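One structure below.
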């Protein structure tokens, strides 16, 4: 359970509610699995900071695991990357590009934030080219 686990536990006890992981519920509601099965070749996930917390079950990893189960590679675009490539592979994320590493002023967080749209586009183009 996430940050609202106490609330969910109370509902479960008092109202006989059933808890499900948040990503599973949202994926079912928005047809995520159907979209993957409709012919996706690549899943691109995004995260502000790709770190140990991300690997502990946040949306990018849950989505990547669903894609990988269908033979679809998942890659990530992140503002900052604070995990090793082998840890990403364990989370079914095949490749990652951190915006800070491709910014015009490498490592300049202010530049990366100020021009995030440009760097997200640049990172996405690089990742797509790697998988063509």
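Scanning for something assigned by the TED database to the domain that holds residue 127, under 20 Å from residue 128 (Cβ atoms), modelled with pLDDT under 95 and buried (at least 21 other Cβ atoms within 10 Å of the Cβ), does the stretch 80-92 turn up at least one residue?
Yes: one or more hits.
Quick check: is even one residue across the stretch 59-80 free of Cβ contacts under 8 Å to residues at least 24 places away in the same chain and within 24 Å of residue 22 (Cβ to Cβ)?
Yes.
Determine whether residue 111 is assigned to a loop (DSSP other than H, G, I, E, B), surrounded by fewer than 18 Cβ atoms within 10 Å (Cβ to Cβ) and without any contact (Cβ under 8 Å) to a residue 40 or more places away in the chain.
no
Which residues, counting only those in the stretch 1-15, are modelled with pLDDT of 75 or more and loosely packed, with under 10 Cβ neighbours inside 10 Å?
Passing the criteria: 13, 14, 15.
Name the helices (runs of 4 or more DSSP H) wholly within the stretch 1-88 that hold at least 1 residues that are under 30 Å from residue 111 (Cβ atoms)?
52-55, 59-68
The values are calculated or read from the model by the stated rules, or taken from the named source; none is laboratory data. Owing to the predicted nature of the structure, the values given are computational and were not obtained by experimental measurement. Positions of Cβ are backbone-derived with ideal geometry, glycine not excepted, and every protein chain shown enters the neighbour counts.
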